[in-house]
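Here's the structure, in structure tokens; my notes come after.
The values are calculated or read from the model by the stated rules, or taken from the named source; none is laboratory data. Since the model is a prediction, treat every value here as computed from it, not as a measurement. Virtual Cβ from ideal backbone geometry, glycine too; neighbours counted across all protein chains shown.
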Amino acid sequence: MKILSCGAGQQSTALALMSCENALHTATYPLVPIYDAILFCDLGGEPEWVYQQVDFIRSQCFTAGIPFYILSDKNLKNDYMQNYNNSRVSTIPFWSVDENGKKGKMTRHCTLDYKILQMQKFVRWNLLGYRKGERTRSEDIQAHEMHIGFTAEEQQRIFDSKNKLFINKYPMVEMGLTRSDNYAYVRERWGLKTRASACLFCPFHTNYFFFDCKQHCESDYEVILKFDHMLEKGIPNRRIGVPESRVFISRSRKRIKDLSEEECHDNKTFDYKGEKIWDGF
């Protein structure tokens, strides 16, 4: 099987739609297969535009006859809101400051726990039909491809799969396409202006992201404020690595509500026909 790990950001949206184009027309993109399944993990806290991009991909996949699945059994936002101060939670790489003022950063397990493992389990149990306790069949070992949307400028992020079922594939890297190439393809071929995908409370966001949410999406901004308030008032469980530290979503190590407009001019853009496009981070 050939599976697409779809975050519904600029890169995986382009891959999904290239696959649809191949299915509907000629094989315009020979390195992009007609996927046996496209998987999106809904962690319960994506920006509004990501869900709009999900709906667009799902609609095009339906037309092209490509199975599109939304995996929502594990909700990272709800798990944190319910368990942060009480029991173990998966680590998110929040920015930290300890009692001596030393700055640090938490480890990152959220992507593994809530995306990679969930997709692997779904393929094993739901698509390949394995039963609990059943050993991996020899014909399935490294027989399936997991396609990931890293682009040419992100080659340092490439990794081999640790799951015996899969070989990881990176079509965008093989094609030499960048994030801006993905944006141009989806906008010109499909009429959709895309942005990056990451949870609302992802610490890899720029401060500009939080400022943009405040200006343009009140519901998203309220989620961010509630999550940040939980981090401010709660006490990290010792098993997440920084029990004596304060943790923050913002890389400025300030509460989101306290960010000044001057601190929010850190948006990253790329050029599209002379137009500066914000990537969504």
Verdict on residue 193 being under 22 Å from residue 152 (Cα atoms), more than 22 Å from the chain's Cα centre (by Cα) and surrounded by fewer than 17 Cβ atoms within 10 Å (Cβ to Cβ): no
Filter result (touching a residue at least 12 places away in the same chain (Cβ under 8 Å) and either assigned to a loop (DSSP other than H, G, I, E, B) or touching a His at 6+ places or on another chain (Cβ under 9 Å) (or both)) within the range 133-162: 136, 141, 142, 143, 148, 149, 150, 151, 158, 161
Filtered residue count, the range 141-164, keeping only those that are out of contact with any Ser or Thr (no Cβ under 7 Å at 6 or more places or on another chain) and of a type in the set (A, V, I, L, M): 3
Cross-chain or 6+ apart pairs with Cβ under 8 Å, the range 255-281 first and over 15 Å from residue 196 (Cβ atoms), then of a type in the set (D, E, K, R) and in a loop (DSSP other than H, G, I, E, B): 263/254
Some residue of the range 35-57 being touching an Asp or Glu at 6+ places or on another chain (Cβ under 9 Å), surrounded by fewer than 22 Cβ atoms within 10 Å (Cβ to Cβ), β-branched (Val, Ile, Thr) and without any contact (Cβ under 8 Å) to a residue 12 or more places away in the chain: no
Residue list for the range 14-41, filter: closer than 16 Å to residue 178 by Cα, assigned to a loop (DSSP other than H, G, I, E, B) and not aromatic (Phe, Trp, Tyr): 31, 32
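For the range 253-267, enumerate the residues that are over 16 Å from residue 229 (Cα atoms) and surrounded by 15 or more Cβ atoms within 10 Å (Cβ to Cβ).
263, 264, 267
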Among the residues listed as 70, 57, the single one being over 30 Å from residue 253 (Cβ atoms) and assigned to a strand (DSSP E or B): 70
Condition met for residue 9 (within 22 Å of residue 151 (Cα to Cα) and either touching a helix residue (DSSP H, G or I) at 6+ places or on another chain (Cβ under 8 Å) or surrounded by fewer than 24 Cβ atoms within 10 Å (Cβ to Cβ) (or both)): yes
Members of the range 62-90 found to be of a type in the set (Val, Ile, Thr), at pLDDT 95 or above and over 17 Å from the mean Cα position of the chain (by Cα), listed by number: 63, 66
Meets criteria (under 22 Å from residue 70 (Cβ atoms), in contact (Cβ under 8 Å) with a residue 12 or more places away in the chain and either touching a strand residue (DSSP E or B) at 6+ places or on another chain (Cβ under 7 Å) or in a loop (DSSP other than H, G, I, E, B) (or both)) for residue 130: no
Residue ID - surrounded by the most Cβ atoms within 10 Å (Cβ to Cβ), chosen from residues in the range 213-235 that are in contact (Cβ under 8 Å) with a residue 12 or more places away in the chain and within 19 Å of the chain's Cα centre (by Cα): 224
Yes/no for residue 165 being free of Cβ contacts under 8 Å to residues at least 60 places away in the same chain and among the aliphatic types (A, V, I, L, M): yes
